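Heads up, the thing below is written out as structure tokens.
Read-outs throughout are calculated quantities, based only on the coordinates presented, and are distinct from any laboratory measurement. Just so it is clear, the structure is predicted and the values come from calculations on it, not from any experiment.
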Amino acid sequence: MNITSFQNPRIKQLIKLRDDKKQRELNKMMLVEGWNEIDLALKAGFLPQTILIAPELTNRKYDNVSSEIITLSQALFEKVSYRQNPDGCLAVFHTPDKSLKDIKFSLDPLLIVAESIEKPGNLGAILRTADAVGADALLVCDPRTDIYNPNVVRASRGTLFTVPTIVLSNLDAYTFLRKGGITIFAATPQADTDYTSQDLSGRLAVIVGTEDKGLSEFWLQNADYKTKIPMMGKVNSLNVSIATALIVYEARRQRSH
């Protein structure tokens, strides 16, 4: 199919999926842009409903994928795109239908719990870290941003499809971790001990919160341990995605010894 009109209903539908969380929830669909991100989703076993290609921007072919293929002009593609300098590939996927039952613990599970993360870029970066470190899952508690927001997908580089990512309440996450025998480490400047001085090698969940308010009292009270990252300068906190990466990579390092 070739679409040439800016008034085409499919174009309007794509823009709604891009911009409107309620539309994504209603349709249970999401946009994934970029051929690297689409390829990662395909390799993870997800099949797009529709693939949109701008031949003026790419020579990429998806002849071996049994999805609807739509071609757009460069101008139309740029209208739908949520990127600067798009590469000409965009796909519509069903949102991953994951639940706690889908999480398969490794021998020494390593999980990340992200509470009330507001910025899509930070949540996407945490997903990339979770994938890179081989985390068993990312639990997103009481979120302030939609995990299927195109900017989360973009910042995650498609790892939303490779890391089991579950949205749930603090209480449900806590109950799940307790049932799994997972030790809970809360990352907070209020801790007395640096993360490099603690044993992070066992069945572990690292809990991180917002940069402005940190973790809620729920996690501070229910964590088994509190851990901190030493701050030598004038500011008292790091970007939450950087803080997450430091702690979980230390946990991975300890597992390799």
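Stokes-Einstein diffusion for the chain, with the hydrodynamic radius set to the Kirkwood value over Cα pairs and evaluated at 20 °C in a medium of 1.002 mPa s, equals 110 µm²/s. Where does the Debye-calculated log10 I(q)/I(0) of segment 91-199 sit at q = 0.21, 0.24 Å⁻¹, using only Cα point scatterers of equal weight, no solvent? Calculated log10 I(q)/I(0) at the listed q: -1.25, -1.51. Remark: for residue pairs K28/K119; K43/K226; K61/K101; K12/K98, the C-alpha separation exceeds 26 Å in K43/K226; K61/K101; K12/K98. At a Cα cut-off below 19 Å, give the lysines reachable from K228, other chains included and same-chain residues fewer than 8 away excluded. Correct list for K228: K213. Taken over the C-alpha atoms, segment 2-94 has Rg and Dmax values of 12.3, 34 angstrom.
State, as an integer percentage, the relative contact order of segment 89-143 based on alpha-carbon contacts under 8 Å between residues 6 or more apart.
Values: 44 pairs, mean separation 24.3, N = 55.
Dividing the mean separation by the residue count of segment 89-143 yields 44 percent.
The angle between the Cα long axis of helix 120-133 and the longest principal axis of the Cα atoms of the chain comes to about 70 degrees, rounded to the nearest 10. For the chain, the longest principal axis of the C-alpha atoms and the axis of helix 240-255 are separated by about 60°. Here is the size of segment 29-148 from its Cα atoms: Rg then Dmax, 16.3, 50 Å. Only Cα sites of segment 96-141 enter the Debye sum here, all with the same form factor; the resulting log10 I(q)/I(0) across q = 0.16, 0.24, 0.28, 0.33 1/Å is -0.45, -0.95, -1.16, -1.27, listed in q order. Computed from Cα positions, the angle between helix 9-19 and the longest principal axis of the chain comes to roughly 20 degrees.
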